[in-house]
Structure formats: structure tokens, C-alpha cells
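J.: The structure that follows is given in the form of C-alpha cells.
Every number here is computed from the coordinates shown, using simple stated rules; none is lab data. Bear in mind that the values here come from a model prediction, so they are computed numbers and not experimental data. Here Cβ is always computed from backbone atoms with ideal geometry, including for glycine, and neighbour counts include all displayed protein chains.
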Amino acid sequence: MTSRAAAMRYARALFDVVLAEGDIERAEAELQSFADLVAGSEALTTVFGNPAIPAARKHGVVSALLQRSGVPPGPVSKLILLLADRDRLTLLSEVARGYRERVMEHHKIVRGDVTTAAPLAPEALKRIEEGLAASTGRRVMLDTRVDPSIIGGAITRIGSTVYDGSVTTQLQKIKQALVEGRQ
């Protein structure tokens, strides 16, 4: 099993437990906070990734960190300790990402990105998000990027779906139609 698949299993299990017992947003914040703490420390990342250090010692370090970080006893701390016991702490950031995806899916939120030739005004971005929400049936949150090479229009990606309304693509289609028309 790949590490991504394992991380997604842990994330799904945590989500299912928290959904039945508690506050999914609070659990997300606790998990992300601990994952950021570990990722922000080169020493912790090295220790948790070192297979020569026994899992029992990693468990002790995690237990002390959980007490100091303010993560209350509950499903999140139990999962983090389980990862330590199984020597799988290297999956922590991927588990946090997978859990965030589950929360967004639960709230029917989908992320995407929109690329334009010039920066978008906030009102225009909001109109695009509302239009996509109407067509997808989900709340859409878009990240914006600027790429002057598309000349004008916009390219929007949501998951594997791409809506390409760029001037560059339109010009390529016209060119192709003209080339095919000559033959």
C-alpha cells in the first residue's frame, strides 16, 4: 500500500470517528496544528523519519508534544499516538491533507483554480465562483493565478474538469478550422 493510500485510510477513519463524536472543524485545526508543528521542526522531522529510533521513544516524544501543544485528549491525539506506535509519523502531513479533503467533501466544498491574463477583481471572482457553484451543485473556492500568455478570457480547473475560455485557445481553434478548410 502506498503512503498516500495509508494516509487516506487514517484520515477517513479519523473523520468517521470525529463525525460521530465531535466537532470536525476543531479536529481539523488540532491535526493541522500538530502537523505544522512537526513540519516546522527539522529535528522532529528527522527523528520521526528515522527508522533506527524505536517507536516507543517516538511515542514518548509525541506524548510530551501533545501535552505542551494543547491538543486535548480525544480522537486526534489518539490517532497521532497510534501513528507513533506504528512508526508512521511521516504520514502526518498527508493525513492532515486527507482529513481536510474529507471535511470539504462533507461540507460540499470543492477547490479549484482560475487563470486569467490580468488580475481578477473580487466581484468578478465571486461571480465565477457562483456560476460554477450553480453548475456543480457545490460551493466553489477558487485560487487565482495570472498568466499573460493566455491573452484574455479565463481557464478554470475544478478537479479534472477544465473550462477553457482563453483567447489563446479560441485562436488555436480558429487556426485549426482554417487549416482544415483549405484541405
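J.: Compute the distance from the alpha-carbon center of the range 35-63 to that of the range 154-170, in whole Å.
T.: Rounded to whole Å, the Cα centres lie 42 Å apart.
J.: Now a separate question. For the chain, what are the per-bin percents of Cα-Cα distances with bins 5 Å wide, up to the bin holding the maximum?
T.: 1, 7, 13, 14, 13, 10, 10, 9, 8, 6, 4, 2, 1, 1, 0
J.: Divide by every residue of the chain the summed helix terms, -39500 (n - 2.57) for each DSSP H run of at least 4, and state the resulting mean residue ellipticity at 222 nm, rounded to the nearest 500 deg cm²/dmol.
T.: So the helix-based figure for the chain works out to -20500 deg cm²/dmol.
J.: Next question. Taking the Cα centre of the range 74-183 as origin and charging only Cβ (+1 Lys, Arg; -1 Asp, Glu), how large is the dipole, in debye to the nearest 20?
T.: In debye, rounded to 20, the range 74-183 gives about 160.
J.: Next question. Of L66, A29, V140, which is farthest towards the positive pole of the chain's charge dipole, taken about the Cα centre with +1 and -1 on the beta-carbons of Lys, Arg and Asp, Glu respectively?
T.: Positive-end residue among those listed: V140.
J.: Here's another thing I want to ask about it. Out of residues 5 or more away from T144 or on other chains, whose amide H comes under 5 Å of its own, with H placed 1.01 Å from N in the peptide plane?
T.: So T144 has HN proximity to V114.
J.: Pairs of Cα atoms under 8 Å, at least six residues apart: use those to get the relative contact order of the range 1-152, whole percent.
T.: 27
J.: What distance in nm separates the two pseudo spin-label positions at A13 and L82, each 7 Å out from Cα along the beta-carbon direction?
T.: Distance between the two pseudo-spin positions: 0.4 nm.
J.: Within 10 Å, count the other beta carbons around each residue, average over each peptide in 71-77, 169-175, and list them highest first.
T.: By packing density, highest mean first, the sequence is 71-77, 169-175.
J.: Taking the Cα centre of the range 3-105 as the origin, how large is its charge dipole in debye, to the nearest 20, when only Lys and Arg (+1) and Asp and Glu (-1) carry charge on their Cβ atoms?
T.: 340
J.: Another one. Under a Cβ-only charge scheme (Lys and Arg +1, Asp and Glu -1), can you give me the dipole magnitude of the range 2-60 about the Cα centre, in debye to the nearest 20?
T.: 400
J.: Same structure, new question: What is the mean projected area of the alpha carbon convex hull for the range 109-182, to one decimal in square nanometres?
T.: Its Cα hull, projected and averaged over all orientations, spans 5.5 nm².
J.: How far, in degrees from 0 to 90, does helix 92-106 lean away from the longest principal axis of the Cα atoms of the chain, to the nearest 10?
T.: 60
J.: Less than 27 Å apart at the alpha-carbon level, and either on another chain or at least 8 residues along: which lysines does that give for K58?
T.: Hits, sequence-local ones excluded: K78.
J.: If you take the square roots of the eigenvalues of the alpha-carbon gyration tensor of the range 3-105 and sort them as a ≥ b ≥ c, do you get rounded (a/c under 1.5), prolate (a/b over b/c) or oblate?
T.: Prolate, because a/c is 1.5 or more and a/b exceeds b/c.
J.: Counting only the backbone N, which residues of the range 63-98 are under 18 Å from the spot 7 Å out from the Cα of E21 toward its beta-carbon?
T.: 63, 66-67, 70-86, 96
J.: So what's the angle, to the nearest 10 degrees on a 0 to 90 scale, between helix 24-39 and the longest Cα principal axis of the chain?
T.: 80
J.: Within the chain, what percent of beta bridges assigned by DSSP are antiparallel, to the nearest 5?
T.: Antiparallel bridges: around 55 percent, rounded to the nearest 5.
J.: Same structure, new question: Compute the length gained on full extension between Y163 and E130: take 0.36 nm times their separation in residues and subtract their Cα-Cα distance, giving the result in nm to one decimal.
T.: 10.4 nm is the gain from fully extending Y163 to E130.
J.: Put +1 on the Cβ of every Lys and Arg and -1 on every Asp and Glu Cβ in the chain; which of G98, T161, T45 then has its Cα farthest towards the positive end of the dipole?
T.: Working it through, the farthest residue towards the positive pole turns out to be T161.
J.: Right, here's the next one. So for each of 80-89, 148-157 I average, over its residues, the number of other beta carbons within 10 Å; can you give me the resulting order with the highest mean first?
T.: Taking the mean over residues of other Cβ atoms within 10 Å, the ranking is 80-89, 148-157.
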